[in-house]
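Visitor: Have a look at this one.
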Amino acid sequence: MEFRIGLIRGDGIGPEIVTEAKKVLDAVSCAYGHTFHYTDLLLGGASIDACGVPLTDETVAEAKQCDAVLMGSIGGDAKTSPWYQLPPEKRPEAGLLRIRKELGLFANLRPAYLYEELKDACPLKEEIIADGFDLVIMRELTGGLYFGERKTVVEDGIRKAVDTLTYNEKEIRRIAVRAFDIARKRRKKVTSVDKANVLDSSRLWRAVVEEVAKDYTDVTLEHMLVDNCAMQLVRDPAQFDVILTENMFGDILSDEASMVTGSIGMLSSASLNESSFGLYEPSHGSAPDIAGKNIANPIATVLSAAMMLRYSLNLDQEADAVEQAVKRVLKKGYRTVDIMSEGCIQVSTIQMGDLLAKEIEA
Ligand code: IPM
Ligand code: MG
């Protein structure tokens with residue numbers, strides 16, 4: 001089959017890890033007889049350097065022509081990069097927020113699980129992770145605080161900043177439906193996370209999620225306050241299956257969940273809209289401190305490519321092949337430096353990409 005794939009190489013380690021993910025996709029296209037047409041898309045700092053803005057209308061239009069977009073990472077070092085001398089709406093992150101909005105990518109899936117082979121890297125005590133854990137965060141991605149009205153003003157000589165957190169019931173319902181759908185294919189439990197003891201937006205969230213739950217009597221629903229959830233993630237992560245939450249809580253909790261796995265360089269993510277289109281990116285950032293050193297771990301991006309094959313291109317067998325390739329390479333003892341442990345073989349970014357591609361060809 002033929003597909004059009006947009007590639008956002010981005011900033012920092014982005015270009016290196018996308019190159020390796022493409023290598024793996026090329027191996028998939030060879031082994032399974034598909035044709036992938038790639039379009040390079042500029043976003044973030046790379047777009048600022050080339051076009052003066054973090055996202056252009058042309059890029060949005062080109063992305064819309066693709067079946068899916070695979071992204072590395074965007075952004076630089078806020079202390080040293082000239083991008084952060086620009087006003088907030090012209091910085092790299094503004095481009096990412098805008099492309100999510102423009103493409104309607106409201107459902108952000110962030111899996112966090114413990115790899116048996118990488119258990120040693122997990123910062124939690126052995127007794128807490130004895131049985132492992134496997135959860136997915138369903139984060140609302142185009143509403144809430146990150147997209148509400150904001151302003152900074154001076155009133156009576158005092159500086160004041162305002163951000164607004166708004167959700168309507170439609171936005172809550174569509175993300176809740178996604179969470180219940182995915183829970184149905186997993187362990188059938190949704191934990192909806194909010195701050196209903198304080199926020200009106202959370203009280204509406206809770207009410208709408210309960211309405212949606214009525215159509216999913218086979219799925220267990222529980223509500224949890226966000227502060228408690230932050231604690232439970234380190235106390236007993238195995239209790240979670242699907243965590244459903246709003247934009248900012250999901251931003252924070254997904255960083256925590258990925259850190260708890262001990263292998264943030266391994267975690268993928270998908271941002272989906274109403275159709276099969278999606279933007280796929282690793283859960284980690286652009287790590288400008290290690291950019292260009294050929295040491296970054298490309299596995300999170302490779303696994304994001306696997307999610308892309310599964311969710312946007314409907315190629316389940318090919319997605320399985322990529323995920324199996326990752327498992328086999330880890331089993332053989334190959335590790336990039338971030339997940340290196342005693343007795344393993346340390347490899348570079350490029351070597352890891354080669355090993356993974358070879359597993360697919362085999
Ligand atoms: C993420 C990032 C972004 C977000 C930033 C870069 C705007 O932290 O994808 O989690 O907050 O959504
Ligand atoms: Mg984040």
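Visitor: Antiparallel versus total DSSP beta bridges in the chain: what percent is that, nearest 5?
Guide: 40 percent
Visitor: Solvent-accessible area per residue for the chain at a 1.4 Å probe radius, Å²?
Guide: With all protein chains present, the chain gives 45 Å² per residue.
Visitor: Could you list the chymotrypsin sites (Phe, Trp or Tyr not before Pro) in the range 277-340 that lie in coil according to DSSP, counting only those with at most 15 other Cβ atoms within 10 Å of their Cβ?
Guide: Passing sites in the range 277-340 do not exist.
Visitor: Just flag the trypsin sites (Lys or Arg not before Pro) in the range 76-127 sitting in loop per DSSP whose Cβ has no more than 11 other Cβ atoms within 10 Å.
Guide: Listed in order of number, the matching sites are Lys79, Lys125.
Visitor: What accessible surface, in Å², does a 1.4 Å probe find on Asp255, ignoring ligands, DNA and RNA and rounding to the nearest 10?
Guide: Rounded to the nearest 10, that gives 90 Å².
Visitor: Pairwise over distinct Cα atoms, reciprocal of the mean inverse distance: report the Kirkwood radius of the range 34-137 in Å, one decimal place.
Guide: Its Kirkwood hydrodynamic radius stands at 16.6 Å.
Visitor: Ok, one more. Can you pull a Stokes-Einstein diffusion coefficient for the chain at 37 °C (0.692 mPa s), Rh from Kirkwood over Cα pairs, as a whole number of µm²/s?
Guide: Reported coefficient: 155 µm²/s.
Visitor: Leaving ligands and nucleic acids out of the surface, order His37, His223 by accessible area at 1.4 Å, largest first.
Guide: Greatest to least solvent exposure: His37, His223.
Visitor: Going by Cα centres, the range 186-251 and the range 98-172 are how many Å apart?
Guide: The distance from the Cα centre of the range 186-251 to that of the range 98-172 comes to 13 Å.
Visitor: Further, regarding this structure: Could you give the semi-axes, largest first, of the ellipsoid that matches the range 123-260, computed as the square roots of 5 times the alpha carbon gyration tensor eigenvalues and rounded to whole Å?
Guide: Over the Cα atoms of the range 123-260, the ellipsoid semi-axes are 29, 20, 11 Å.
Visitor: For the range 99-185, what are Rg and Dmax over the alpha carbons, in angstrom?
Guide: 19.4, 59
Visitor: Past the 19 Å Cα-Cα mark, which pairs from Lys90/Lys151; Lys327/Lys358; Lys22/Lys185; Lys189/Lys214; Lys23/Lys358?
Guide: Correct reply: Lys22/Lys185.
Visitor: Let me ask something else. For the chain, what does the helix formula give at 222 nm: sum of -39500 (n - 2.57) over DSSP H segments with n ≥ 4, over the residue count, nearest 500 deg cm²/dmol?
Guide: Computed mean residue ellipticity for the chain: -12500 deg cm²/dmol.
The values are calculated or read from the model by the stated rules, or taken from the named source; none is laboratory data. Please read all numbers here as calculations on a predicted model, not as lab measurements. Backbone-built Cβ (ideal geometry, glycine too); neighbour counts: all protein chains shown. What goes into the accessible areas is simple: the full protein's heavy atoms, side chains included, and nothing from ligands, DNA or RNA. Shrake-Rupley method; radii C 1.70, N 1.55, O 1.52, S 1.80 Å.
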